[in-house]
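A short write-up of the structure that comes next.
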Amino acid sequence: MNLRLSGVSSSGDTQKGGSENTATGRASDTWKLLIVDDEPEIHTVTQMALARFQFGGKRLSFLNAYSAAEAAAMIEANPDIAVAIIDVVMETDDAGLRLVEQIRNEMGNGNIRIILRTGQPGQAPERSVIAEYDINDYKEKTELTAQKLFTAMYAALRAYRDIRALDINRMGLKSVIEASAAIFKTRALSNFAQGVLEQLTSLLFLEPEAVYCHADGLAAVPNDAKVEIVAATGRFAPFVGRDGKNVLDPDILEAIENARRNRSHRFEPGKIYIAYFRTESGSENILCVKGDMQEQGKTHELLDLFCRNVSIAFENLHLQDNLLTEITVREEAEKAAEILARLPAEAPNPVLRISSDGVILYANGRSSPLLDVWGAGVGQKIPPVWRHRLKYVFKSGRQSEIEVTCDDRIFELTMAPVVEADYVNIYGRDITESKRAQERVEYMAHHDALTHLPNRFYFQERLPRELEAARRSGKKVALLQIDLDMFKEVNDVYGHDVGDLLLKDVSTRLKETVRSCDTVVRLGGDEFAVIAPDLGELDSAAILAQRIVDCMAAHFRYDKTVLQVGCSIGITTFPDDSLDPTELQKNADLAMYQAKDDGRNTYHFYDAVMHERILERRFLENEIRHALDNDKLDLYYQPKISFESGRIVGAEALIRWHHPDRGMIPPMEFIPIAERCGLISRIGEWVLETACAQAQRWRQAGLGLDNIAVNVSAAQFRNGDLGDIIDRILQSTGLEPEILELEITETTVMQEMDIIVEMLASLKKLGVGVAIDDFGTGYSSLAYLRRLPLTKIKIDRSFVTDILENQDASVVANAIISLGHSLNLKLVAEGIEKPDQAAFLAEKGCQEGQGYLFGRPMPSEDFQALLAAGQVYEKN
Ligand SMILES: Nc1nc2c(ncn2[C@@H]2O[C@@H]3COP(=O)(O)O[C@H]4[C@@H](O)[C@H](n5cnc6c(=O)[nH]c(N)nc65)O[C@@H]4COP(=O)(O)O[C@H]3[C@H]2O)c(=O)[nH]1
């Protein structure tokens, strides 16, 4: 017979090898039997013999494999095969035995029961092999009678069932052990119940698919309450924790609902068993097991017991959980209350409670400074002024802050009224450090770091306040702006350290000199200001200013250094000069400027005329600067003639400024302004350079100019670099030094005697000539002339003009000429307009003359023409 089965069923239907034949239901309804044999007839015979076989209410389902390899794959795919009947001789003589070895050792399947079959007795395995590989039975093919197969199958399946039961028990016990570790946790109870369920179903030979559910029977609509799956086995296991209504089979759900409705166990014959238990608290507990339990009264009892016990355990656990939670919450609350109660006592700051009528109800340890201030303790009343303040806070119902100084500490108190409890809580904060830091920052922002006097920022805040106060009181305020006269020089000569000391001492003197109500500020550099409020008459401001001038005039001594600085003060008054603080500051500045013009070391009141003049001067300063920058200045030349020859022997260079709008601006008007604003050095350098270059050009042109005179201001001497400048110019122009003559006024010499003596000496070394201009106007002792390295004296125009009409003038002119002769200095007379004047001077021994008579100052081209003409002035 060459029939090969392709499958098997419990009723004998066959299925293709490698898969299971389940014609009547799922695998769990049958015992799986694997037939392994290379002879297809054996498969057919075996299946026919066992077609009606049943064990434990279940029939067989057949799987067919025709080689050892095929069988191995099938066992791998179906771990729940209960029995395998294996032919020993297949691909090889011992293929069956190798398969057994593979099943047990490689696959680790110890559950499957094995019945070996062989064609001949000689192929039987040895006893040791039967024992080692746990082979259930060994039959020769001739023994394959239905009777013998039945017996072998019964024995094999019983063994398989026991082994499986043990297996499941093992798993159940494992769950029990795991669960016991955490039995007091709801999830652990679920595990525990699951373990018990698995054991129960296994021990009672029920299907391993059971569900234990829990529902809240007291829910508003009990039937709508969740039916929570607490424990489940088999295919329901993944549903633990979920609502059974959503995941269970409809037939199971229906059975559960029936049980709940009737509040009793339900038994659906042959199908489902429901154990129902309702606890006293109303929770419903349902155990649902599938399987045929018609005959098993004991089983029902066990399941009921399980349901009841787990329900009670479950409920107890919940109660315990609740209790534990309650206890924990209470303990936590008590702990928190205790901590809270200690909080104010342990707080690092004052905490107090005061009743609305001012009695101290509570005060922590840190409150003692406050209690000291109040002179009261707990149970006593705070002072009336504080009671009043507290009452106000209480009435407002709003939190309020107040600062209190207790000894040397500053507290910020937050007063928080609790109106319903009739008291006010006070929370203090020691803000001493932050307050001091804040004060320090404020102080630094408003004070000068060197002198510690208030600074300009402070001044700008303070002045408007003083003015406002004066406006209300109807008094005057004087604003004095003070500028040190020689501060720059002190700094330059003695260095900044001495400069700093001087500023500090000036500050001290100022503070000592003013009234206590006056404010002294340092505006910056060597500028100070005094705000003097409450002034009666302007005299008071003048008196104050004079006191300051006097105190500054006194010497400052630093070791061996003695300094005399002096100051210039500008004064303006509110409300006379202005009501506006900014304008007053400008006024004081202008007045101070004027005081400096007045010769320094004095004070000057602001007035409107002065204001105009200063504005004009500032305008001109800008214009001069512009003219210089844009090459708009010009040099004119006025001839000097020799009385001896009547020829032009020299020229005086005189600056000219043609202003585009104002026309010609005389040097006497703009030179002093240029001197004040510091532009004179640049102008002087330009004049020197232009004049020397021009003179050299004329000389190189053979025009015979022996002398070019240039006016030099005191400021140019003061700068100290005049010698270098002249040297450079002579070098660059190539003019011989002897040709250049510097003219210095007598007044300049008198002002800067020491500097000029020194400077002239070095200039003389260069070979440059020096003439003293406007001689005779200074009324100074003629003796100083001896000290000066002069080359020429210029007789001032005022004497020349009157020389014929005024006896005094001719006497002075005569005296100057004799002095010049005795000092061996050349003499030149300026301002000669008339021939008689020239004749007189020439006759008295004056060598040279200059004046309109010989030529006015003129542009270079005109002068050049004059020179070229070689004009000779005839003597009378
Ligand atoms: N009435 C009359 N006046 C005569 C006669 N002869 C000359 N003058 C004028 O007398 C002034 C002579 O110059 P100074 O005494 O040096 O006096 C000069 C000098 O001190 C100063 N100055 C002129 N140019 C410069 C310069 O480049 N640098 C400096 N530092 N000062 C200058 O300006 C002053 C005035 O200069 P200027 O207006 O050019 O006036 C010149 C000139 O025009 C005359 O016969 N009659």
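Quick grid of which residues meet (1) modelled with pLDDT of 95 or more; (2) in a strand (DSSP E or B); (3) in the same structural domain as LYS586 (by TED's automatic domain parsing); (4) buried (at least 18 other Cβ atoms within 10 Å of the Cβ):
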| site | (1), (2), (3), (4) |
| --- | --- |
| ILE482 | yes, yes, yes, yes |
| VAL490 | no, no, yes, yes |
| VAL520 | yes, yes, yes, yes |
| ASP534 | no, yes, yes, no |
| GLN546 | no, no, yes, no |
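For the stretch 704-720, give me each residue that is in contact with a strand residue (DSSP E or B) (Cβ under 9 Å, 6 or more places away or on another chain), away from the ligand (no atom under 16 Å from the Cβ) and not charged (D, E, K, R). Those that are in contact with a strand residue (DSSP E or B) (Cβ under 9 Å, 6 or more places away or on another chain), away from the ligand (no atom under 16 Å from the Cβ) and not charged (D, E, K, R): GLY704, LEU705. The requirement of being in a helix (DSSP H, G or I), under 14 Å from ARG113 (Cα atoms), open to solvent by less than 20 Å² (accessible area, probe 1.4 Å) and in contact with a helix residue (DSSP H, G or I) (Cβ under 6 Å, 6 or more places away or on another chain) is fulfilled nowhere in the stretch 76-93; no residue meets it.
Taking the numbered list (1) of a type outside the set (D, E, K, R); (2) open to solvent by 20 Å² or more (accessible area, probe 1.4 Å); (3) closer than 30 Å to LEU584 by Cα in turn, ALA470 passes all entries but (2). For the stretch 221-252, a residue qualifies if it is among the hydrophobic types (A, V, I, L, M, F, W, C), assigned to a helix (DSSP H, G or I) and open to solvent by 30 Å² or more (accessible area, probe 1.4 Å), and the qualifying residues are ALA237, PHE239. Does any residue of the stretch 437-447 turn out to be touching a strand residue (DSSP E or B) at 6+ places or on another chain (Cβ under 9 Å), surrounded by 16 or more Cβ atoms within 10 Å (Cβ to Cβ) and under 30 Å from THR519 (Cα atoms)? Checking the stretch 437-447: at least one residue is touching a strand residue (DSSP E or B) at 6+ places or on another chain (Cβ under 9 Å), surrounded by 16 or more Cβ atoms within 10 Å (Cβ to Cβ) and under 30 Å from THR519 (Cα atoms). Checking GLN871, GLN850 one by one, the residue that is of a type outside the set (Gly, Ala, Ser) and either near the ligand (Cβ under 10 Å from one of its atoms) or under 21 Å from PHE775 (Cα atoms) (or both) is GLN850 and no other. Taken together, the criteria exclude ARG462 from residues that are assigned by TED's automatic domain parsing to the domain that holds ILE531 and either aromatic (Phe, Trp, Tyr) or over 14 Å from MET552 (Cβ atoms) (or both). Test GLN700 against the criterion of being among the polar types (S, T, N, Q), over 23 Å from LYS792 (Cβ atoms) and more than 13 Å from the ligand (Cβ to nearest atom), and give yes or no. The answer is yes for GLN700. Taken together, the residues in the stretch 426-473 that are closer than 30 Å to VAL351 by Cα and touching a residue at least 60 places away in the same chain (Cβ under 8 Å) amount to 5.
Please verify whether the stretch 805-826 includes one or more residues that are within 13 Å of the ligand (Cβ to nearest atom) and either within 18 Å of ARG718 (Cβ to Cβ) or surrounded by fewer than 22 Cβ atoms within 10 Å (Cβ to Cβ) (or both). No, that holds for no residue. Which residues, counting only those in the stretch 390-444, are of a type in the set (D, E, K, R) and within 24 Å of GLY365 (Cα to Cα)? Residues satisfying the conditions are GLU401, GLU403, ASP407, ASP408, ARG409, GLU412, ASP422, ARG429, ASP430, GLU433, LYS435. Of the residues screened, GLU874 is not one that is of a type in the set (D, E, K, R) and without any contact (Cβ under 8 Å) to a residue 40 or more places away in the chain. Out of curiosity, is ALA255 in contact with an Asp or Glu (Cβ under 7 Å, 6 or more places away or on another chain), more than 30 Å from ALA363 (Cα to Cα), at pLDDT 70 or above and assigned to a helix (DSSP H, G or I)? Against the criterion (in contact with an Asp or Glu (Cβ under 7 Å, 6 or more places away or on another chain), more than 30 Å from ALA363 (Cα to Cα), at pLDDT 70 or above and assigned to a helix (DSSP H, G or I)), ALA255 qualifies.
Only residues in the stretch 820-837 that are basic (Lys, Arg) count as the first member; pair them with residues that are open to solvent by 30 Å² or more (accessible area, probe 1.4 Å), Cβ under 8 angstrom, at least 6 apart or cross-chain, and list the lot. Qualifying pairs under 8 Å: LYS826/THR791; LYS826/GLN847; LYS834/LEU804; LYS834/LEU853.
Tally the residues that are farther than 19 Å from PHE863 by Cα and within 14 Å of the ligand (Cβ to nearest atom), restricting the search to the stretch 632-662. Count: 0.
Taking the listed residues ASP802, ASP774, the one that is touching a residue at least 24 places away in the same chain (Cβ under 8 Å) and acidic (Asp, Glu) is ASP774, with no other qualifying. At least 1 residues being among the acidic types (Asp, Glu), open to solvent by 60 Å² or more (accessible area, probe 1.4 Å) and modelled with pLDDT under 95 is the threshold, and among the strands (runs of 3 or more DSSP E) wholly inside the stretch 693-801 not one reaches it.
CYS406 meets all of the listed conditions (1) in contact with a Gly (Cβ under 8 Å, 6 or more places away or on another chain); (2) modelled with pLDDT under 90; (3) of a type outside the set (Ser, Thr, Tyr) but one, namely (1).
Residues that are open to solvent by 30 Å² or more (accessible area, probe 1.4 Å) and under 60 Å from the mean Cα position of the chain (by Cα) within the stretch 638-670 comprise HIS658, PRO660, ASP661, ARG662, GLU669, listed in sequence order.
The values are calculated or read from the model by the stated rules, or taken from the named source; none is laboratory data. The structure presented is a predicted model; accordingly, all values stated were derived computationally and were not measured. Reconstructed Cβ throughout: ideal geometry from the backbone, glycine too, with neighbour counts over all protein chains shown. Accessible surface areas use protein heavy atoms only, side chains included; no ligands, DNA or RNA. Shrake-Rupley method; radii C 1.70, N 1.55, O 1.52, S 1.80 Å.
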